[in-house]
Amino acid sequence: MLLPDDDSELIDTLILEGALVIQGVSESGEITYTFTEKLRDMAPDLYYGFLEMIHLSIMTLWEKGFVNMDVTLDDPVVTPNEKAFDKDNWKSLTQSEIQTLDALVRASGREV
């Protein structure tokens with residue numbers, strides 16, 4: 001997830017407290033983060049906002065045909081499909097969707 005630079009003091013505090021972890025650098029050169037369970041206690045609005053953003057990105061990726069999941073289940077397993085492993089297909093995605101899909105692809109252990 002990308003965070004705005006103007007919240008650098010908050011970001012620094014969350015990193016020092018272990019609620020945020022630097023994940024890497026996006027293709028556009030921006031620092032990306034992942035959050036831990038500590039974020040839920042330290043900044044619940046931020047935590048649940050991130051969860052909602054991820055949920056919406058996953059649903060959009062499913063609608064656009066990038067992931068497989070059984071939406072009738074309460075806790076479906078989400079896996080990237082073959083369309084997800086071709087970066088040419090990512091051009092139509094938003095930055096948030098790209099970050100979510102990238103995380104899913106990396107978690108699958110396959111290379112794009």
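Condition first: of a type in the set (S, T, N, Q), more than 17 Å from the chain's Cα centre (by Cα) and assigned to a loop (DSSP other than H, G, I, E, B). Can you find one or more residues in region 9-18 that meet it?
No - not one qualifying residue is present in region 9-18.
Give the residue that is surrounded by the fewest Cβ atoms within 10 Å (Cβ to Cβ), with candidates limited to residues of region 63-77 that are closer than 16 Å to L101 by Cβ and β-branched (V, I, T).
So the residue we want is V77.
Out of all the residues in region 54-112, which are in a helix (DSSP H, G or I) and basic (K, R)?
Hits for region 54-112 are K83, K87, K91, R106.
So which residues in region 92-112 are within 14 Å of G65 (Cβ to Cβ) and without any contact (Cβ under 8 Å) to a residue 24 or more places away in the chain, if there are any at all?
none
The numbers here are math on the coordinates, done by the rules we state, and not lab data. All values reported here derive from a predicted model rather than from experimental measurement. For neighbour counting, all protein chains shown are included, and Cβ atoms are generated from backbone atoms with ideal geometry for every residue, glycine included.
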